[in-house]
Amino acid sequence: MESILFLGFTLNAWIVIVTVLLVFILMLCTKLPADFVFLGAMTVLMVTGTLPVNEVLAGFSSSSVVLVGALFVVIAGLVHTGTMQWIVKYALGTPKSLKMAILQLMVPVAVLSSFLSNTTVVAIFIKVVKIWSKKLNIAPSKLLIPLSYASGMGGICTLIGTPPNLLISGFYTEQTGIQLSIFTPTLVGLFCLAVGILSMIAMQKMVPVRKSPEDALEETNDYTVELLVPFSRMHRENGEGSRTGRSGRRTPD
């Protein structure tokens, strides 16, 4: 296949290009799970001989991948033991303004995202933020968007905060033989986090105000219908007959 050229690319190169395009199309236009799509692309590259089998399967034995899997076990333990719920309960207070609410939300979320999975932290805080925003009389979108940004920026502060950091660390170790520390990206990450928090506070008025479907259903006046059922003459006669029959019935002594 390496000897076949078309428009300056070999057949293997065209297989890779088409596979990558199909992955993007399937991710954008279908509801297929991401793991199915990427495993299918990996299978295509392996079956066609574009990549050797040992290179295709090398990622499953990577120390970075194993560490990410172990972190999910730790996170599950924290959730089921109530540790995360305790942190969430005491991390948020009762701020007096939207600026303070954004600050009090983004800082603990960023700290947790530095050591836990971003997806897990966001999933835990979503319901809490909705209840919290209702208590503060603030639109949920004003706090949910800072929540998402804080989890992403907090994840880059440590080596284990986000899977890409672990993968880059693994590649760096293979090429140089130097093992990166868990706090190697902390300074850069803290700078990005500070800029992100200040930006969210400065641009708070640009964050759209959107109501969730649950909030819309709370206004029951818009969905209340009054129904008047007419009482026909036949129904009145039947009703009177039944009442007469009941009243004319004699009870035994």
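The values are calculated or read from the model by the stated rules, or taken from the named source; none is laboratory data. Treat the numbers as computed from the prediction; the structure is a model and nothing was measured. When we count neighbours, we look across all protein chains shown, and the Cβ atoms used for this are built from the backbone with ideal geometry, even at glycine. Accessible surface is based on the protein model in full, side chains and every heavy atom, while ligands, DNA and RNA are left aside. Shrake-Rupley method; radii C 1.70, N 1.55, O 1.52, S 1.80 Å.
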Exercise. Of everything in segment 175-207 that's in contact with a helix residue (DSSP H, G or I) (Cβ under 6 Å, 6 or more places away or on another chain) and not in a helix (DSSP H, G or I), which residue is nearest to residue 150 (Cα to Cα)?
Worked result: 207
For this session: Name the single residue, out of those in segment 179-202 being β-branched (Val, Ile, Thr) and free of Cβ contacts under 8 Å to residues at least 60 places away in the same chain, that is most open to solvent (accessible area, probe 1.4 Å).
Result: 188
Exercise. Of 193, 228, 198, which residue is among the aliphatic types (A, V, I, L, M) and modelled with pLDDT under 85?
Worked result: 228
Problem set entry | Failed criterion for residue 146 (all others in (1) part of a helix (DSSP H, G or I); (2) exposed (fewer than 15 other Cβ atoms within 10 Å of the Cβ) hold) | (2)
Problem set entry | Matching entry among 205, 135 (being over 30 Å from residue 70 (Cβ atoms), open to solvent by 100 Å² or more (accessible area, probe 1.4 Å) and modelled with pLDDT of 80 or more) | 205
For this session: Please go through segment 6-44 and pick out each residue that is part of a strand (DSSP E or B) and hydroxyl-bearing (Ser, Thr, Tyr).
Result: 10
Exercise. Given 152, 161, 170, which one is of a type in the set (Gly, Ala, Ser) and outside any helix (DSSP H, G or I)?
Worked result: 161
Exercise. How many residues are farther than 14 Å from residue 132 by Cα and open to solvent by less than 50 Å² (accessible area, probe 1.4 Å) when one looks only at segment 91-112?
Worked result: 4
Problem set entry | Whichever residue in segment 46-58 is of a type in the set (A, V, I, L, M, F, W, C) and either part of a loop (DSSP other than H, G, I, E, B) or at pLDDT 85 or above (or both) and, among such residues, is surrounded by the most Cβ atoms within 10 Å (Cβ to Cβ) | 51
